[in-house]
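Working notes for the structure below.
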Amino acid sequence: QVQLVETGGGLVQPGGSLRLSCAASGSIFSINAMGWYRQGPGKRRELVALITSGGSTNIADSVKGRFTISRDNAKNTVYLEMNSLKPEDTAVYYCYIDGKPSSDTRYLREYWGQGTQVTVSS
């Protein structure tokens, strides 16, 4: 019943920028952490950035200083501003949210987006 809609992926040249958005919709009571993971060719899925309901962030060293994560609680949306993109940033980016579904507010559950392709190439 909860759906994550990701937008903003695409093809950019090295040094370029992209802004990813992920909006949660459906029967969700509350949202705790929101963030982004990515999986490059032949690699395991890894954490890119995470932001808690309190505003604390966890940013991967590989993107620190280049990527910024933020959230709009009124819209149940998380953003990833990606600057100074490098070829090694090429990956499928997956939105992640954990929260309490309206159907059972006692427990925290994880939700994943379908993934959006980011390709950095000249």
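The values are calculated or read from the model by the stated rules, or taken from the named source; none is laboratory data. These numbers were taken from a predicted model, which means no experiment stands behind them. Cβ atoms come from the backbone with ideal geometry, glycine included; neighbour counts cover every protein chain shown. All accessible areas refer to the heavy atoms of the entire protein, side chains included, with ligands and DNA or RNA removed. Shrake-Rupley method; radii C 1.70, N 1.55, O 1.52, S 1.80 Å.
List of remarks:
- Single residue of segment 17-39 satisfying the filter (loosely packed, with under 15 Cβ neighbours inside 10 Å and of a type in the set (G, A, S)) that is farthest from E110 (Cα to Cα): S17
- Output for segment 65-122, where each listed residue is part of a loop (DSSP other than H, G, I, E, B) and over 18 Å from G9 (Cα atoms): G65, N76, S102, S103, D104, T105, R106, Y107, L108
- Among residues of segment 77-103, those that are open to solvent by 50 Å² or more (accessible area, probe 1.4 Å) and either under 14 Å from S30 (Cα atoms) or not acidic (D, E) (or both), counted: 7
- For beta carbons closer than 6 Å, sequence separation of 6+ or different chains, a first residue in segment 45-62 that is open to solvent by less than 80 Å² (accessible area, probe 1.4 Å) and a second that is at pLDDT 95 or above and of a type in the set (K, R), the qualifying pairs are V48/R38; I51/R71.
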